[in-house]
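Undergrad: One structure, as structure tokens, below. Some questions next.
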Amino acid sequence: MSEIVVRSQKPLFGSVRISGAKNAALPILAATLLSSSPSLLHDIPPLSDVANMLEILRNLGCVIATLPDGSVEITAEHILSREATFEQTGRLRASFLVAGPLLARFHKCRIALPGGCKIGTRPVDLHLKGFSALGATVAIRHGYVEAECTGLAGASIYLDFPSVGATENIMMAACLATGQTVIENAAVEPEIADLATFLNRMGAQVRGAGTDTIKINGVHSLSGAEHTIIPDRIEAGTYMVAAAITGGRVQVENIVPEHIKPLAAKMREMGVQIQETATTALIEAGEELFPTDIKTLPFPGFPTDMQSQLCALMTRANGTGIITETVFENRFMYVEELKRMGADITIEGRAAVVKGRRPLMGTKVLATDLRAGAALVLAGLAAEGETRILQPEHIFRGYAALPEKLKALGADICVL
Ligand code: UD1
């Protein structure tokens with residue numbers, strides 16, 4: 001698989017079902033390590049990031065069965081290893097989420113510093129501070145994080161920044177610590193609440209997930225649980241933009257309206273009509289697209305993971321908009337690629353100034369990371385001629401069956 005080719009300038013019509021959320025599935029897969037009995041997970045999205053996480057769990061000793069409906073059963077009874085190598089963790093940053101569960105249940109882990117999208121330095125210092133506060137000895141040696149303890153003890157932890165991964169890792173570790181852990185300035189993303197729901201089904205006592213103060217009363221042991229992953233709000237947002245950028249009308253199914261609110265508000269401001277029910281959103285392009293300004297922030301602010309896709313939409317607006325990225329320091333790499341398609345975008349520090357209405361023309365472009373790739377597919381849907389997106393494997397890290405889903409909506413798209 002080396003290229004995605006997008007050829008259409010046609011409006012998209014129809015309906016699309018959103019898969020389970022990658023960013024909820026990955027921590028929940030890691031959390032299955034906390035128990036020796038089986039967990040059954042539904043709506044695990046078929047993504048390469050998920051396959052890589054399953055591979056890491058298998059290497060640790062988990063027994064994994066994929067059922068015909070795509071559900072996954074994981075049993076972490078005989079965990080033989082406490083280690084994840086760079087060959088395993090280099091492929092996805094979320095691999096570091098096995099550290100908290102391993103430390104909590106086996107009092108030891110050795111995890112290579114993780115990889116993932118190249119969108120900034122992405123340190124793990126907040127995760128490590130949390131583990132230390134819970135009583136672990138933590139060191140970095142030869143590119144590996146080595147952590148051990150005789151047992152974790154509840155603590156009060158204030159995060160300097162509401163990091164999603166650090167909140168998840170500390171929350172999982174604290175489930176088997178003695179006493180109470182309080183995480184303040186915790187991340188409030190919906191995926192944190194979904195992880196807490198799963199942990200509580202396993203028998204954990206986690207309260208306040210989804211707010212900035214999470215309290216965890218440690219328990220002696222956890223058992224496996226059954227859980228359905230929440231829908232992917234970023235995948236949903238990407239199809240919402242696909243409908244708008246092509247001037248189409250698309251029903252996005254399996255969504256949680258509350259989760260897409262920050263994006264929906266901005267798209268409405270741009271003149272896109274959005275009608276929601278409890279689980280769907282009907283997206284209809286307006287007569288005209290108006291420019292807007294966005295600033296990425298932790299939830300419920302505008303999601304950094306939708307920044308590049310909204311930029312693609314802003315290239316079609318009838319004026320100038322400004323995008324300010326505050327979460328990651330290097331998340332404008334896709335801009336050079338959009339410019340090669342004809343977009344007029346200037347980067348000024350952490351901001352991108354997008355002048356709309358310049359004609360987009362298809363050409364060869366490079367998917368530098370997952371969401372960058374999504375933005376280029378969206379731009380390709382609105383561009384004249386053929387857009388060839390190289391390194392599409394980045395896109396398949398986070399979008400289940402993207403070419404197939406777009407094709408079903410009428411796009412001329414294929415993978416070569
Ligand atoms: C998660 C998401 C990712 C999303 C991001 C922000 C998953 C698997 N990935 O990533 O798609 O873009 O949230 O919504 O859920 N930071 C530190 N020290 C740390 C941890 C983070 O400085 O120990 C910084 C990062 O460099 C970054 C910011 O905090 O600038 C946000 O990172 P974080 O919230 O941790 O994102 P991830 O969990 O990596």
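Derivation of every value follows stated rules applied to the coordinates shown; laboratory data play no part. What you are looking at is a predicted structure, and each value in this text was computed from that prediction instead of being measured. Virtual Cβ from ideal backbone geometry, glycine too; neighbours counted across all protein chains shown.
Undergrad: Using Cα atoms only, what is the angle between the long axis of helix 257-269 and the major principal axis of the chain, expressed in degrees (0 to 90) to the nearest 10?
TA: 30
Undergrad: If you take the beta carbon distance between Asp293 and His42 as r and set R0 to 45 Å, what does 1/(1 + (r/R0)^6) give as a FRET efficiency, to the nearest 0.05?
TA: Approximately 0.70, to the nearest 0.05.
Undergrad: Moving to a separate point now. Starting at the first residue of segment 32-42, write each ³J(HN,Hα) from the Karplus equation 6.51 cos²θ - 1.76 cosθ + 1.60 with θ = phi - 60°, in whole Hz, x for Gly and Pro.
TA: 5, 5, 6, 10, 8, 9, x, 10, 10, 10, 9
Undergrad: Using only the alpha-carbon atoms, how far is helix 164-174 inclined from the longest principal axis of the chain? Give it as 0 to 90 degrees, nearest 10.
TA: Helix 164-174 sits at roughly 20 degrees to that axis.
Undergrad: As a test, work out the antiparallel percent of DSSP beta bridges whose residues both lie in segment 339-416, rounded to the nearest 5. Each step should come with its number before you reach the end.
TA: Working: 5 of 9 bridges.
Of those bridges, close to 55 percent are antiparallel.
Undergrad: Compute the helix-to-body angle for 370-382: its Cα long axis versus the longest principal axis of the chain, expressed 0 to 90° and rounded to tens.
TA: Long axis of 370-382 versus the principal axis of the chain: about 20 degrees.
Undergrad: Next question, about the same structure. Rank by packing, highest mean first: peptides 184-193, 82-91, with packing defined as the count of other Cβ atoms within 10 Å averaged across residues.
TA: Packing order, densest peptide first, comes out as 184-193, 82-91.
Undergrad: Run lengths n ≥ 4 of DSSP H only: what is the helix-derived mean residue ellipticity at 222 nm for the chain, with -39500 (n - 2.57) per run over all residues, to the nearest 500? Spell out each step's value before the answer.
TA: Details: 14 runs with 133 residues, N = 416.
About -9000 deg cm²/dmol.
Undergrad: Using Cα positions and a limit of under 27 Å, work out the lysines in reach of Lys108, with same-chain residues fewer than 8 apart set aside.
TA: Counting by Cα, and skipping residues close in sequence, Lys108 has these lysines nearby: Lys22, Lys129, Lys215.
Undergrad: A follow-up question, please. Of the peptides 248-254, 287-293, how do they stack up when ordered by the mean number of other Cβ atoms within 10 Å, highest first?
TA: Values: 248-254: 20.1, 287-293: 15.7.
Descending packing order for the listed peptides: 248-254, 287-293.
Undergrad: Another question, if that's okay. What relative contact order, as a whole-number percentage, does the chain give when Cα pairs under 8 Å and 6 or more residues apart are counted?
TA: On the way: 1061 pairs, mean separation 84.7, N = 416.
Relative CO of the chain lands at 20 percent.
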